[in-house]
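Presented below is the structure to which this report refers.
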Amino acid sequence: MKNLYILGKTLDMISKNRRTFLKGASLVAGWFGFSVAAKPAETVLNRMLENEAVRPSAQDSVIGLRKDPIEQVKVAMLGLGNRGTGQAKLVNALFPTKARITALCDIRPQQVEKNLAMVKQEGQNPATYSGSEDAWKEMVHRDDIDLVIICTPWEDHVPMALYCMDQGKHVAVEVPAAWTLDECWALVDKAEETQLNCMMLENVCYGDEELWVLNMVRQGVFGTLTYGEAAYIHNLRDSLFSPGHYYKDWRIRHNAAQDGNLYPTHGLGPVAQYMDINRGDKFDTLVSMSSKEASLSEVARTLPADHAYYQHDKFAHGDMNNTLIKTAEGRTILVQHDVVTPRPYNRINALAGTKAYHEGYPSRLSIAGKGHDWLDEESYAEYRDNYRHPIWQKLNDGINQHGGHGGMDFVQIFRLIDCLNNGWPLDMDVYDAAAWSCLIPLTKISIELGSIPVKVPDFTRGEWKSKRDLGIFANV
């Protein structure tokens, strides 16, 4: 916080000298996630961001954190909307051998009752909390909770995660884990202070295709990696404007309020793992820019007159955001975000190396020395068979029975609980959560300051230089 205060004061003085207070204030506002209006001096900005990029800590790192095994993980579900209900079903599927749901919480009583009826069918009878803004705080004071799974609106993730860790609970939080840079650091600091797990629930890292590509990377099929592409392309226009689809319409409010990449982690997470981000490489700088906004405004003009966004024409978020990341090892990653155009769903999942290239949607593979086109169906199938990650074979029955985005959700929840059962480090840690989530505020800063390069903080405090493997390979 001290560094951020100094950063703001310095830019404030610069701006007053240039008779433009807003130019200095814009960076401070962007840093904390508020709306901004103008551009400060780029050289001062980058120097200050570089100084802020690494924070010292008096606490021990939680890289490779190991805790005592928990034979049956006692889970509290916080937030039982669309995503929370799905996650509760998967935890329920692991009862009684691996996990037990001891508490359910949502501000809406009907959501709690719905989930209670579901888990009772398997013989569980958790305590319930609802009807109050602070009901969740009462819940997490319970002694019979090892892990809290947080599936609430984005802006609630960090306050809830910090409070849960303060009560001695491990935390798994839905994506994105944090909303501002200060929140990213707060998660890292609290995890180190409490020596507890704080994992972001990036389910796409557990997809069959993504783990297959990751396995090929680890076995040298791609050679030296040079660049990747990732995206969240998903037409959400109907659900964004549908009253009640999101609690208090939280998602469209974010699109109305700010620009940038509001939802980077589904596409970025797997590519970050391919490239050993925080495990031998790190995000170094990024540049972001957005197209004009048109889609949401056009829809708003067709809404009923009593709709909250009827004829609203001040949506801050452009239809398409493009962000280019440069890593410390010289790789580049293009990340796209578009939730409003008719473009078909796509996470791109492209990865280039000196020996191979993969591109998703549909999945295709090209291998150096095997022609100038994609592999034919038979050759592609051989690579899928030879390099498929073993976890998908191990969990085949559970995947088929419980699914969740093609099975990746079940694999994710199983792995989270299984690691806690065995006392293993989790597959993803708080440093991953912070590094992947920080694109939200950083892309906003870059755009609002003229699409300039901005530094990405090193949340590992220098530990990224140490090569280490992912738990999904170390403990399966």
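What the table below lists for this structure:
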item: Considering residues of segment 191-207 that are open to solvent by 10 Å² or more (accessible area, probe 1.4 Å) and at negative phi only, the residue nearest to the chain's Cα centre (by Cα); result: Asn197
item: Residues of segment 253-287 satisfying the condition of being touching a Leu at 6+ places or on another chain (Cβ under 7 Å), of a type in the set (Val, Ile, Thr) and closer than 28 Å to Asp469 by Cα; result: Val271
item: Segment 117-129 - residue that is more than 28 Å from the chain's Cα centre (by Cα) and of a type in the set (A, V, I, L, M, F, W, C) and, of those, surrounded by the most Cβ atoms within 10 Å (Cβ to Cβ); result: Ala127
item: Residue match in segment 143-154 (condition: under 16 Å from Leu196 (Cβ atoms) and surrounded by fewer than 16 Cβ atoms within 10 Å (Cβ to Cβ)); result: yes
item: Residue in segment 443-456 that is among the acidic types (Asp, Glu) and at pLDDT below 95 present; result: yes
item: Qualifying residue in segment 167-183 (condition: crowded, with 24+ Cβ neighbours inside 10 Å and part of a helix (DSSP H, G or I)); result: yes
item: Spans of helices (runs of 4 or more DSSP H) in segment 359-405 with at least 1 residues farther than 25 Å from Tyr227 by Cβ and touching a residue at least 60 places away in the same chain (Cβ under 8 Å); result: 390-394, 396-402
item: Condition met for Gln412 (exposed (fewer than 12 other Cβ atoms within 10 Å of the Cβ), outside any loop (DSSP other than H, G, I, E, B) and in contact (Cβ under 8 Å) with a residue 40 or more places away in the chain); result: no
item: Residue check for Thr323: over 23 Å from Ile472 (Cα atoms), surrounded by fewer than 20 Cβ atoms within 10 Å (Cβ to Cβ) and modelled with pLDDT of 95 or more; result: no
item: Sole residue being under 27 Å from the mean Cα position of the chain (by Cα) and within 22 Å of Asp409 (Cβ to Cβ), chosen from Ile107, Ile149; result: Ile149
item: Selection count where residues are open to solvent by less than 40 Å² (accessible area, probe 1.4 Å) and either in a loop (DSSP other than H, G, I, E, B) or out of contact with any Pro (no Cβ under 9 Å at 6 or more places or on another chain) (or both), scope segment 76-99; result: 16
item: Scan of segment 130-141 for residues that are open to solvent by 20 Å² or more (accessible area, probe 1.4 Å) and closer than 27 Å to Glu202 by Cβ, ordered by number; result: Trp136, Lys137
item: Test: residue in segment 338-352 that is assigned to a strand (DSSP E or B), among the small types (Gly, Ala, Ser) and in contact (Cβ under 8 Å) with a residue 60 or more places away in the chain; result: yes
item: Test: residue in segment 241-256 that is in a helix (DSSP H, G or I), at pLDDT 95 or above and hydroxyl-bearing (Ser, Thr, Tyr); result: no
item: Subset of segment 357-398 that is under 27 Å from the mean Cα position of the chain (by Cα) and of a type in the set (Gly, Ala, Ser) - its residue that is surrounded by the fewest Cβ atoms within 10 Å (Cβ to Cβ); result: Ser363
item: Residue in segment 420-429 that is assigned to a helix (DSSP H, G or I) and either of a type in the set (A, V, I, L, M) or over 22 Å from Leu201 (Cα atoms) (or both) present; result: yes
item: The one condition in (1) over 30 Å from Arg100 (Cβ atoms); (2) modelled with pLDDT of 95 or more; (3) not in a helix (DSSP H, G or I) that Arg468 fails to fulfil; result: (2)
item: Pair list, Cβ under 8 Å, 6 or more apart: segment 185-201 residue β-branched (Val, Ile, Thr), other residue crowded, with 21+ Cβ neighbours inside 10 Å; result: Val188/Val430; Val188/Tyr431; Val188/Ala434; Val188/Phe459; Thr194/Met165
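To keep it simple, each residue is scored yes or no on (1) modelled with pLDDT of 95 or more; (2) of a type in the set (Val, Ile, Thr); (3) surrounded by fewer than 15 Cβ atoms within 10 Å (Cβ to Cβ); (4) in contact with a Pro (Cβ under 9 Å, 6 or more places away or on another chain).
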residue: Gly269; (1), (2), (3), (4): yes, no, no, no
residue: Lys292; (1), (2), (3), (4): yes, no, yes, no
residue: Ser295; (1), (2), (3), (4): yes, no, no, yes
residue: Val299; (1), (2), (3), (4): yes, yes, no, no
residue: Thr327; (1), (2), (3), (4): yes, yes, no, no
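One line per residue, one yes/no per condition, for (1) in contact with a Leu (Cβ under 9 Å, 6 or more places away or on another chain); (2) among the charged types (D, E, K, R):
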| residue | (1), (2) |
| --- | --- |
| Arg347 | no, yes |
| Leu351 | yes, no |
| Lys355 | no, yes |
| Lys394 | no, yes |
| Asp397 | no, yes |
| Gln412 | yes, no |
| Asn422 | no, no |
| Pro425 | yes, no |
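The values are calculated or read from the model by the stated rules, or taken from the named source; none is laboratory data. Fair warning: this is a prediction, and the values are worked out from it, not measured in the lab. Here the Cβ is made from the backbone with ideal geometry for all residues, glycine too, and neighbour counts use every protein chain on show. Side chains included, ligands, DNA and RNA excluded: accessible areas come from the protein's heavy atoms. Shrake-Rupley method; radii C 1.70, N 1.55, O 1.52, S 1.80 Å.
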